[in-house]
Amino acid sequence: AATLREAAAAQGRFVGTAIADGKLSNTTYTNIARTEFDSVTAENVMKWDTLEPSRNSFNYAPGDRLVNFAQANDQQIYGHTLVWHSQLPSWVTNGGFNATELNSVMTNHITNVVTHYRDSIEYWDVVNEVFNEDGTLRGSVFQNTIGQGYIANAFRAARAADPDAKLCINDYNVEGTNAKSNGLYNLVSSLLNQGVPIDCVGLQSHFILDQIPSTLQANMQRFANLGLEVNITELDIRMTLPADSAKLSRQATQYASVVGTCLAVANCGGITVWGFGDVDSWIPGVFDGQGAACLYDNNYAPKPAYNAMLTAFGGE
Ligand code: G3I
């Protein structure tokens with residue numbers, strides 16, 4: 001196999017990327033996106049602020065653009081994300097809704113969006129980033145207004161709107177075994193015990209060079225042992241700039257090790273990278289002096305990490 005998607009498919013896994021809507025007119029970008037990946041996640045355009053900028057008024061055009069791109073290129077779509085405290089319009093955050101009202105605002109959003117994309121979406125990140133670092137639930141407007149039952153309500157609403165999509169919970173800093181991933185483990189165990197429809201766990205995996213958690217595989221395996229699929233959903237490995245050949249070589253090894261870990265866990269469905277070109281990455285804008293986190297450089301030339309990932313999937 002000469003491409004990531006061919007190599008991953010031969011292992012029964014998907015390999016995906018986040019797609020920036022503004023790059024769909026750049027043919028260098030789209031050629032890599034379609035050739036190398038068989039799964040796509042909207043980097044932004046399937047979030048609440050884009051999809052429902054004002055109450056009950058839905059804006060599907062940018063998301064539909066991604067669906068059309070994916071369908072033209074035989075790619076699955078990983079929906080991201082239905083309920084998240086960030087990129088949430090202020091009419092929700094500051095709407096002054098009581099619990100009943102906010103629950104109905106939330107379920108209306110889920111029902112509309114999941115129904116609209118019903119025939120095109122394989123996975124949904126139903127809830128995103130609901131935990132604090134200590135494993136307690138984050139005090140989002142949903143948690144603070146509705147209470148923790150909002151999570152079960154969200155999954156049930158998504159299942160009602162699309163019985164076939166796989167429904168996931170997604171978070172960061174839950175890749176290794178730690179207080180936050182213990183909180184996630186306890187929550188999904190209790191949701192399963194209550195019969196809440198949940199199919200998968202997403203580990204975002206925004207890693208730092210030389211700091212991939214040594215407990216990644218054990219942690220993935222404990223979720224797999226609950227019968228859940230466990231996916232790497234937003235992989236990147238950032239470093240202190242400037243990049244040099246030593247750092248890029250360690251980065252390559254570490255990308256390969258993440259692939260190896262997924263392949264070692266039977267229920268790991270696949271890996272999505274959070275953009276493939278350093279030039280498009282969210283990292284430099286958020287972490288000052290950090291970057292070079294992706295598989296391709298600023299000119300979309302493949303980096304050692306690309307070759308290592310291909311080899312780790314069994315390609316050449
Ligand atoms: O849409 C506006 C545009 O109108 C305006 O001109 C421009 C000026 O800055 O901003 C645009 O919005 C930006 C948006 O990306 C679209 O480009 C926001 O400022 C910017 O904050 C937003 O960043 C995104 C971030 O989520 C928001 O939290 C990143 O692109 C995106 O990569 C990032 O993705 C998240 C995942 O969804 C969840 N996990 C963490 C990951 C990284 O933060």
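The values are calculated or read from the model by the stated rules, or taken from the named source; none is laboratory data. Treat the numbers as computed from the prediction; the structure is a model and nothing was measured. So basically every Cβ, Gly included, is an ideal-geometry build from the backbone, and we count neighbours across all protein chains shown.
Couple of notes before you dig in:
- When residues of region 154-205 are limited to those that are hydroxyl-bearing (Ser, Thr, Tyr) and away from the ligand (no atom under 16 Å from the Cβ), the one farthest from SER257 (Cα to Cα): SER190
- Of all residues in region 104-152, those that are farther than 23 Å from SER54 by Cβ and of a type in the set (S, T, N, Q) total 5.
- The number of residues in region 29-45 that are in contact with a helix residue (DSSP H, G or I) (Cβ under 8 Å, 6 or more places away or on another chain), among the polar types (S, T, N, Q) and more than 16 Å from the ligand (Cβ to nearest atom) comes to 2.
- When residues of region 46-69 are limited to those that are more than 13 Å from the ligand (Cβ to nearest atom), in a loop (DSSP other than H, G, I, E, B) and over 13 Å from MET106 (Cα atoms), the one nearest to the chain's Cα centre (by Cα): TYR60
- Here ALA2 meets each of (1) within 14 Å of the ligand (Cβ to nearest atom); (2) modelled with pLDDT under 95 with one exception, condition (1).
- Where helices (runs of 4 or more DSSP H) fall entirely within region 208-316, those with at least 2 residues that are small (Gly, Ala, Ser) and at negative phi are at 216-224, 245-264, 304-312.
- Of ALA161, ALA165, all but one fail to be under 17 Å from the mean Cα position of the chain (by Cα), crowded, with 18+ Cβ neighbours inside 10 Å and of a type in the set (A, V, I, L, M); the exception is ALA165.
- Among the residues making up region 72-84, a single one is farther than 19 Å from ALA8 by Cα and surrounded by fewer than 19 Cβ atoms within 10 Å (Cβ to Cβ): ALA72.
- Residue list for region 74-85, filter: without any contact (Cβ under 8 Å) to a residue 60 or more places away in the chain and touching a Lys or Arg at 6+ places or on another chain (Cβ under 8 Å): GLN75, TRP84, HIS85
- Within region 111-141, being under 14 Å from the mean Cα position of the chain (by Cα) and surrounded by fewer than 22 Cβ atoms within 10 Å (Cβ to Cβ) holds for GLU122, GLU129.
- Qualifying residue in region 256-263 (condition: touching a residue at least 60 places away in the same chain (Cβ under 8 Å), over 13 Å from HIS206 (Cα atoms) and either surrounded by fewer than 23 Cβ atoms within 10 Å (Cβ to Cβ) or among the basic types (Lys, Arg) (or both)): yes
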